[in-house]
Each structure stands twice: as C-alpha cells, then as structure tokens.
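Just so you know, all these numbers are worked out from the coordinates, no wet-lab data involved. Note that this is a predicted model, so its numbers are computed, not measured. Backbone-built Cβ (ideal geometry, glycine too); neighbour counts: all protein chains shown.
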Amino acid sequence: MKQFIFYLIGFMIMFGISLLDIEQLKKIGWPFYGLAVALTAGLIVAPESIARTINEAKSWYQIPFLGSLQPSEFLKFAFLIVVSKVIISHQEKNGRPSYLADLWLLVKIGLIVLPPSLLVYKQPDTGMVMLYMAMILPMILFSGIHRKLLIVFTAIPLVLISIVVVLYVRFNDFFTEKILGALSGHQVSRIYGWLQPYDYIDSSFQVRQGFLAIGSGEFIGKGYLNNNVYVPEKHTDFIFSTIAEELGFAGGAFVIALLFFVIYRIVLITVEAKDPFMTLMGAGISSLLAFQITQNIGMTLGLLPVTGVTLPFLSYGGSSLLSNFMLMGIVMIIHKSYKGYMFKRED
C-alpha cells in the first residue's frame, strides 16, 4: 500500500515538473542542489533516531508515516540540471573548443559532483556513485570538449580497468593486498562473492538464491505472488529474481523489453530536442537508466558484482521511485518543447 502511495505521489511530481518551462527548470537547479547536498551531509551528524543504519549503510532519514527518505537519490536530479547549466554556460562563453578552457570546465564539474559523491561513497553506497558517473560522463562526452581532452577522458577509465584485470589475473597477491585492501570489508566480500561464488558461500548467498529463484520460474513462471525461494532483498535490489520466478523467462524478457523501450523513446525524444541544454539532460537520463537496468539485472544474474542498485520503477523504495519520476518529468519537458505525447509514434 505504501509503495502504491509513492506511485501516486511520483506521478503527481512528474506531471508537476512537466508544467515547468526550461528557464524555470534552470532556476531550481542550484537551490535543489544545495538542499540535496545539505541533506546528504546531514546524515553524518544525524542521530540514529532519525537516520538509522540499515545494512551497514547510513543513507536514510526516517520520516513519520511515510517511511524513509534517501537524499542521495535526489542528487541525480540536482546533478543533471546543474551540470547541464554549467556546460551550456561554458559553451556560450567560449564558443569553439579550447584545451585550457575545457580543462577548466572539467574542474568545475568535478567540484560540483565529487564532494557530494564522496559523502555518498562514505555512507557507504558505491552503487549510487556509479549511477552518478553513468549519468554525468556521457554528458561530458556530448559537451563538445576539446578532442585531446576527450581522448584522455575516454582512455583513462579503459586503462584503469585494464590494469585491474591484469593485476587480478597475473598478480593476484598484489591485487588482493593493494587493490582490495583499500576497500571496505563488505565491498571486498561482494567482489569475491561475484568472482568466486562457490568458494565464498556466505558472500555469494544472495546471488545463488537469485539463481534458484530465476531458474525455478522456468518459461512461464509460478504465477503472481507464488514465489517460495528465499532471496535477501528480493523486493528491492533483487526484484528481477522475483519477477522471473513468478512470471518466468517470458515475463522477465517482457519486463526487460519494456524498460529498454522507455529508454529508446527517451533517446528519440532527445534527438529531436531543439535546445542543447535539453539534449544534455536527455543524454544523461537515458544513459543513467540504461546503466541502472543493466547493472541491476546483471548483478541478479551474477554477471556483475552486487552493488545495491535498484531496478527503475519496479524495485520497492519511495526515494528511488520518486527520483525516477522526477527525471521522467524532465523528459516530458523536453518532449513538450516540440509538442506531442511521449509514447506517440512520430510521423
């Protein structure tokens, strides 16, 4: 019942945001950013009575009658608007790409994004920080920065990933001592539970139970609410295992297709956008949702490490649901700029 209420609130917020024009949206960017950062920082000093630690993470405020509020979810909305504003302001001021000017742009984006992201990482919530990066990095790629910076910006993560893979395969002792030694205990256990699920039984329990739930659903599933395989957090992070158990392979495939159809429509809407500010926001939203869906389903299937990332619009949780509806409100603003209904086929 509580989740149904959040759906209703989410729809109202989405349509409320859709009534704004671009200039009004820009005006709320910095105030909303300040509020979201303040609430996120407040968790550090908030007493347990209003900010309980759940699953080793202090990420939520307890709100009477409504449940919990996760400020880090709303940083996505704030980052999207503020980073887009900074990029567009930079483009208008500098015109053609310039190495030094564009380097300063990256510094400004870093100053906006990294301090709040560090607060979220310390909660700890690595998955949320990954979502921020999945949204912002494509926006930077679409910002038209200088070619040399673009090459470096793209190459650095690829090189780092390659180094980590080589260290794990060829220098496992060094990888364990230096790389994993820099992470917290629960992060290390999740990585080992992913890489060696049958050697680390306790760490991989959630993933293995997810396998059982998905496999037991077979092709057409057991039926709605007929799930009997115990999966930790099956209503939130591992909701896809419940979907596959109850609706089978057919239902799981349909849900995946439906989610990616929404992304497909967002991409088409973004391509038609008449304003660079809207294009950047559309690119950020579509890349965020694509990464979030891939990460959630990938970790449920054991293809990716467990990060606590939810499945958009389907996982239980009010903050995640509301933040996604807020992003969809922005998509509606973008589409409104050239008129039409979001899911109507273009002529």
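What number do you get for segment 195-328 when its Cα radius of gyration is normalised by 2.2 N^0.38 Å, N = residues?
Dividing the Cα Rg of segment 195-328 by 2.2 N^0.38 Å gives 1.15.
Report, to two decimal places, the Cα Rg of segment 198-242 normalised by 2.2 N^0.38 Å (N = number of residues).
Taking the Cα Rg and dividing by 2.2 N^0.38 Å, one obtains 1.15.
How large are Rg and Dmax for segment 12-72 when only the alpha carbon atoms are used, in Å?
Using the Cα atoms of segment 12-72, the pair Rg, Dmax is 14.6, 41 Å.
Once every DSSP H run of n ≥ 4 in the chain is given -39500 (n - 2.57) and the sum is divided by its residues, what mean residue ellipticity at 222 nm do you get, rounded to the nearest 500 deg cm²/dmol? Spell out each step's value before the answer.
Numbers: 11 runs with 228 residues, N = 347.
Calculated mean residue ellipticity at 222 nm is -22500 deg cm²/dmol.
Let me check I've understood the local charge: for Asn324, count other residues with C-beta under 9 angstrom from its C-beta, Lys and Arg +1, Asp and Glu -1. What total comes out?
Value of the local net charge: 0.
Restricting attention to the alpha-carbon atoms of the chain, what are Rg (one decimal) and Dmax (integer), both in Å?
Over the chain's Cα set, Rg and Dmax evaluate to 20.9, 60 Å.
Mind pulling up the Rg/Rh value for segment 95-201? Radius of gyration and Kirkwood radius, both on Cα. Spell out each step's value before the answer.
Working: Rg = 17.2 Å, Rh = 16.3 Å.
Using only Cα positions, Rg/Rh for segment 95-201 is 1.06.
Give me Rg over Rh for segment 273-338, both radii from the alpha carbons and Rh done the Kirkwood way, two decimal places.
My calculation of the ratio gives 1.06.
Given segment 221-347, what count of lysine pairs have C-alpha atoms under 19 Å apart, with each pair 8 or more places apart or on different chains?
5
Compute the normalised compactness of segment 11-137: alpha-carbon radius of gyration over 2.2 N^0.38 Å, N being the residue count.
Working: Rg = 16.6 Å, N = 127, 2.2 N^0.38 = 13.9 Å.
Relative to the rule-of-thumb radius for its length, segment 11-137 sits at 1.20.
For segment 169-211, what are Rg and Dmax over the alpha carbons, in angstrom?
Both quantities, over Cα of segment 169-211: 11.2, 32 Å.
With all distinct Cα pairs included, what does the Kirkwood hydrodynamic radius of segment 217-280 come out to in Å, to one decimal, could you say?
With all distinct Cα pairs of segment 217-280 included, I get 13.5 Å.
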